[in-house]
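As structure tokens, the structure follows; a few thoughts come after it.
The values are calculated or read from the model by the stated rules, or taken from the named source; none is laboratory data. Only a predicted model underlies this, so the values are computations on that prediction, with no experimental measurement involved. Heads up, the Cβs are rebuilt from the backbone with ideal geometry, glycines too, and the neighbour counts pull from every protein chain shown. Just the protein is used for accessible areas: all its heavy atoms, side chains included, with ligands, DNA and RNA removed. Shrake-Rupley method; radii C 1.70, N 1.55, O 1.52, S 1.80 Å.
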Amino acid sequence: MSTSTRVETPETAGATERTPLLELRNVGITFKTTTGDVEAVKDTTITVMPGETVAIVGESGSGKSTSALAAMGLLPSNGRVSEGQIFFDGEDITHPSRKRLEALRGREIGMVPQDPMSNLNPVWKIGFQVRETLKANGLPSTDADVAQALKDAGLSDAEQRMNQYPHEFSGGMRQRALIAIGLACDPKLLIADEPTSALDVTVQKQILNHLDRLTDEKGTSVLLITHDLGLAAERADRVVVMQKGRVVESGPAQALLQNPQHPYTQELVRAVPSLTPEDIGAEDEGAAADEIVSIKDLVKEYKIRGSWGRSTQFRAVDQVSFGIRKGHTTAIVGESGSGKSTVAKMLLGLEDITSGTIEVNGRDISTQSGKEWFDFRRRVQPIFQNPYGSLDPMRSVFRTIEEPLRVHKVGDVASRRQKVHDLLDRVALPRQLGDRYPSELSGGQRQRVAIARALALDPEIVVCDEAVSALDVLVQDQVLKLLGQLQEDLGLTYLFITHDLAVVREIAHDVCVMESGRLVEVGSVEDVFENPQQDYTKHLLDAIPGKDLLETA
Amino acid sequence: MAWYLIRRILQMIPVFFGAIFIVYFLMFATSGDPTAALCGDRGCTDATKAALEAQYNLDQPFIVQFLLYLKGVFTLDLGKNFSGRPILSVIADTFPNTVKLAIIAVIFEAIFGVLLGLIAGLRKGTWYDSGLLFFSLILISIPVFVLGFVSQFVFGIKLGWTSPTVGSGAPLTDLLLPGMVLGGISLAYVLRLTRNSVAETRDADHVRTATAKGLSRRRVINVHVLRNSMIPVVTFLGADLGALMGGAIVTERIFNINGIGNQLYRAINLGDGAMVVSLVTLIVIVFVLANLLVDLLYAVLDPRIRYA
């Protein structure tokens, strides 16, 4: 590979005088698999200048994380840089020695990983995990230093918190601990791999703001990896769009967003819900449709076991009342822990009701007999968040969709087969897919299977608990459109549980906003979004990434 | 932590009494006349028989017998066996030998099992890994008496490296070979368990994060991979220690070790009910304590357990 000719791409333009901090030059990354070598990243050039924030955007499998991890020598053991070169501060680090790599990591290049739940070692105290970072890089590591690193990352009472274990931390706190670890040694470059994807919008905003401030103060360059174009455009100086292992477009954030050149980028821009609100689902005539579900003074209390066996009551849902209109979509939004999923579980009969009533078609569900529950479940079906977890890995797609029909003894073998085929058609999956197993499907396909399964018994109400939160933007857009189409065709009623307000704006007719178990605001989507009454709702709306860009664009 | 400990100890109580009751019930209530075995073919006189029945409380209803036995357990008065020795002193003579043997076995399987398993796990998919898995599979499929007799013959008789049987007082040097035989099969399990656990932990996100922090490879393995992988292995080792302390019947017979297993074998053959129940009670206690130890170690290794 020739390195003497450097193409004037947006990456290298204007960068001739200064040495880039990180440069991936025509890099290819190959993975050895049982079915032969797979080139996951091809001919990829990414440049990060000192002090600059660059975002790599793309869907899962686009090679965005792989490219960034290669710079730290963190590829899985079956992966290697097969072509091109990687430079850090002018030094070739394509195939460094282990010693050089260990010196580079932490001190020169820090990392904030994606999932705060799995990236801290559960058996060591938070302070220990920060301290060893300082120690390994030859920095002072007294209690005060450790506490300072945690404080800098925005963790309050760091002195006490550092003696706790990861499981005693919330997701947001863990992410702050990981940021503390990533920035502990003042690296020149921080690789932030989807640093907030697992978090609520409000926490996400706090953490990103904090990260921005820290890296600004210290002059750290940031390589931000994200699937959220809105977030990338808001936070980065430049954006690199990757698809199927290649860079398809790159340039200044604003320009790229307003004037995308490549078809894939255009598609991405269109799909970002926060950037282009559109209405999906049945038209809302505004007429008062019948309430199919009415919830009154609903309360759910859990017992929490304290030390020495003392238990206290915890109110997860507190005096919640609202109605769900037939054939419409009602969304419940709130941060994690707001009780929104608990309401859904009680409607599905998966949790007992502590007090209050849920009436479906005028019938109080808590007084139903076993037989009535069985029939009830035909009419109310769930779609859950994680299609990887909610499908039985040992069952084929066909059997998964057929199972509810068999359980409820609907039709004979032939008519059930016909019904499954109709359902596959409806969710736009090819019929041959019926023989496959969940592990052979993509995330979007799995969620379509979950939808087909939910629709098998022709339910009236479908409860979608974060049904699109785990999906990539483009897939999310497709699934939302499918749900909208199904509602128009079949007159379905949806209860949509989500923390993503941008999604709510697209699909819902009515919105309930929940905060710490209480319902703080109820209204139509237009009213709540255009004219939020409660501070909490305003706060949630402000936190949607890319919102400001939308307004200035 | 205190609450966790108390709950575990409370849970031991029903297990303890339940197990003793079942063994006692099986030995005394379902076998025929226990004195018949003692009297042999000629039979005893009625007077002797009555005296024996009074000595073993056989003239009492079953439940009273059981309660009297329990009282004996708590006052450490277990009565006498058929040869007239106090059972407690038999246990005092033999139990230390079994404990020594079990500890040698557990140390052997822990050190070599974990070490080989760690190397195999870190090199998952290589020839080295496949070779060790194959070796462990062979070890698992050999019955312990085959392993015992073969190693006794080869190392004890042919090569003369060690004494083929264990002499009186069971010196540690004599116990090395039996201990390795006893721990051999468990070693294969420890190896496989460690290997799988390490291979899984090696690819965990938090290990990648630890590497990204700039830690040396040695530290990543010792502090982040090994410690987390040890949790299932420690569970196995603890339970195994209990099993070995109570159940080394075959190995103790082969190497003629004067331990619990050997005594139990003899007592079962003689139909010496009092002896069998006492030995099994001891084994139950060992098992329950070993499990408690595992639970405590578990809490030490995994902080999430402490608050469960």
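Restricting attention to the range A:213-226, and to residues there that are touching a residue at least 24 places away in the same chain (Cβ under 8 Å) and surrounded by fewer than 24 Cβ atoms within 10 Å (Cβ to Cβ), which single residue is nearest to A:Val269 (Cα to Cα)? Among those that are touching a residue at least 24 places away in the same chain (Cβ under 8 Å) and surrounded by fewer than 24 Cβ atoms within 10 Å (Cβ to Cβ), it is A:Ser221. The single condition among (1) surrounded by fewer than 20 Cβ atoms within 10 Å (Cβ to Cβ); (2) under 17 Å from A:Leu120 (Cα atoms); (3) not polar (S, T, N, Q) that B:Leu296 does not meet is (2). Just one of the listed residues (A:Gly323, A:Gly349) is open to solvent by less than 50 Å² (accessible area, probe 1.4 Å), touching a helix residue (DSSP H, G or I) at 6+ places or on another chain (Cβ under 8 Å) and in the same structural domain as A:Thr493 (by TED's automatic domain parsing), and it is A:Gly349.
The helices (runs of 4 or more DSSP H) located wholly in the range A:440-553 that include 2 or more residues which are under 21 Å from A:Lys326 (Cα atoms) occupy A:443-455, A:473-490, A:501-507, A:525-530. For A:Ser311, the conditions (1) away from chain B (no Cβ under 14 Å); (2) modelled with pLDDT under 90 all hold with the exception of (1). Would you check if B:Thr201 is of a type outside the set (Asp, Glu), open to solvent by 10 Å² or more (accessible area, probe 1.4 Å) and away from chain A (no Cβ under 11 Å)? So B:Thr201 fails the test. In summary, helices (runs of 4 or more DSSP H) completely within the range B:1-108 and bearing 1 or more residues that are at pLDDT 75 or above occur at B:2-24, B:46-55, B:62-74.
Scanning the range A:174-186 for residues that are hydrophobic (A, V, I, L, M, F, W, C) and within 15 Å of A:Ser118 (Cβ to Cβ), which turns out farthest from the other protein chains (Cβ to nearest Cβ)? Step by step, filter the range A:174-186, then rank; the result is A:Ala177.
For the range A:57-81, taking the residues that are open to solvent by less than 20 Å² (accessible area, probe 1.4 Å) and over 24 Å from B:Val207 (Cα atoms), the one that is farthest from the other protein chains (Cβ to nearest Cβ) is identified as A:Val57.
Considering every residue within the range A:379-392, establish whether at least one is part of a loop (DSSP other than H, G, I, E, B) and of a type in the set (Lys, Arg). No, the range A:379-392 has no match at all.
The requirement of being surrounded by fewer than 22 Cβ atoms within 10 Å (Cβ to Cβ), within 30 Å of A:Glu132 (Cβ to Cβ) and modelled with pLDDT of 90 or more is not satisfied by B:Thr194. Please determine whether any residue of the range A:93-104 is of a type outside the set (Asp, Glu), assigned to a strand (DSSP E or B) and out of contact with any helix residue (DSSP H, G or I) (no Cβ under 9 Å at 6 or more places or on another chain). No, every residue in the range A:93-104 fails to be of a type outside the set (Asp, Glu), assigned to a strand (DSSP E or B) and out of contact with any helix residue (DSSP H, G or I) (no Cβ under 9 Å at 6 or more places or on another chain).
For B:Ser141, the criteria (1) modelled with pLDDT of 85 or more; (2) surrounded by 19 or more Cβ atoms within 10 Å (Cβ to Cβ) hold in every case but one, which is (2).
When the range A:187-203 is filtered for residues that are in contact (Cβ under 8 Å) with a residue 40 or more places away in the chain and either within 10 Å of chain B (Cβ to nearest Cβ) or under 19 Å from A:Gly110 (Cα atoms) (or both), the ones remaining, listed by number, are A:Pro187, A:Lys188, A:Leu189, A:Leu190, A:Ile191, A:Ala192, A:Asp193, A:Glu194, A:Pro195, A:Ser197.
For the range A:434-447, does any single residue satisfy the condition of being on the phi < 0 side of the Ramachandran plot, touching a residue at least 60 places away in the same chain (Cβ under 8 Å) and of a type outside the set (D, E, K, R)? Yes; the residues of the range A:434-447 include at least one that is on the phi < 0 side of the Ramachandran plot, touching a residue at least 60 places away in the same chain (Cβ under 8 Å) and of a type outside the set (D, E, K, R).
If you go through the range A:478-497 and keep only what is polar (S, T, N, Q) and out of contact with any strand residue (DSSP E or B) (no Cβ under 6 Å at 6 or more places or on another chain), you end up with A:Gln478, A:Gln485, A:Gln487.
For the residues B:Ile283, B:Ile249, the requirement of being open to solvent by 40 Å² or more (accessible area, probe 1.4 Å) and without any contact (Cβ under 8 Å) to a residue 60 or more places away in the chain singles out B:Ile249. Please verify whether the range B:233-244 includes one or more residues that are within 13 Å of chain A (Cβ to nearest Cβ), open to solvent by 40 Å² or more (accessible area, probe 1.4 Å) and touching a residue at least 60 places away in the same chain (Cβ under 8 Å). The answer is no, given that none of the residues of the range B:233-244 is within 13 Å of chain A (Cβ to nearest Cβ), open to solvent by 40 Å² or more (accessible area, probe 1.4 Å) and touching a residue at least 60 places away in the same chain (Cβ under 8 Å). Does the range A:82-89 contain any residue that is in contact with a Ser or Thr (Cβ under 6 Å, 6 or more places away or on another chain), more than 9 Å from chain B (Cβ to nearest Cβ), over 19 Å from A:Ile191 (Cβ atoms) and among the polar types (S, T, N, Q)? Yes, because at least one residue in the range A:82-89 is in contact with a Ser or Thr (Cβ under 6 Å, 6 or more places away or on another chain), more than 9 Å from chain B (Cβ to nearest Cβ), over 19 Å from A:Ile191 (Cβ atoms) and among the polar types (S, T, N, Q).
Taking the criterion of being touching a residue at least 60 places away in the same chain (Cβ under 8 Å) and open to solvent by less than 40 Å² (accessible area, probe 1.4 Å), the residues of the range A:358-387 that qualify are A:Ile358, A:Val360, A:Val380, A:Gln381, A:Pro382, A:Ile383, A:Pro387. The single condition among (1) of a type in the set (A, V, I, L, M, F, W, C); (2) over 23 Å from the mean Cα position of the chain (by Cα); (3) in a helix (DSSP H, G or I) that B:Leu177 does not satisfy is (2).
Scanning the range A:87-102 for residues that are within 26 Å of the chain's Cα centre (by Cα) and open to solvent by 40 Å² or more (accessible area, probe 1.4 Å) turns up nothing. Each residue in the range A:139-197 was checked for being within 22 Å of A:Ser65 (Cβ to Cβ), among the small types (Gly, Ala, Ser), part of a helix (DSSP H, G or I) and open to solvent by 10 Å² or more (accessible area, probe 1.4 Å), and 2 pass. Just wondering, is there one or more residues in the range B:163-170 that are in contact (Cβ under 8 Å) with a residue 60 or more places away in the chain and among the aliphatic types (A, V, I, L, M)? Yes, because at least one residue in the range B:163-170 is in contact (Cβ under 8 Å) with a residue 60 or more places away in the chain and among the aliphatic types (A, V, I, L, M). Of all the residues in the range A:103-124, those that are surrounded by fewer than 24 Cβ atoms within 10 Å (Cβ to Cβ), more than 7 Å from every other protein chain (Cβ to nearest Cβ) and within 19 Å of the chain's Cα centre (by Cα) number 2.
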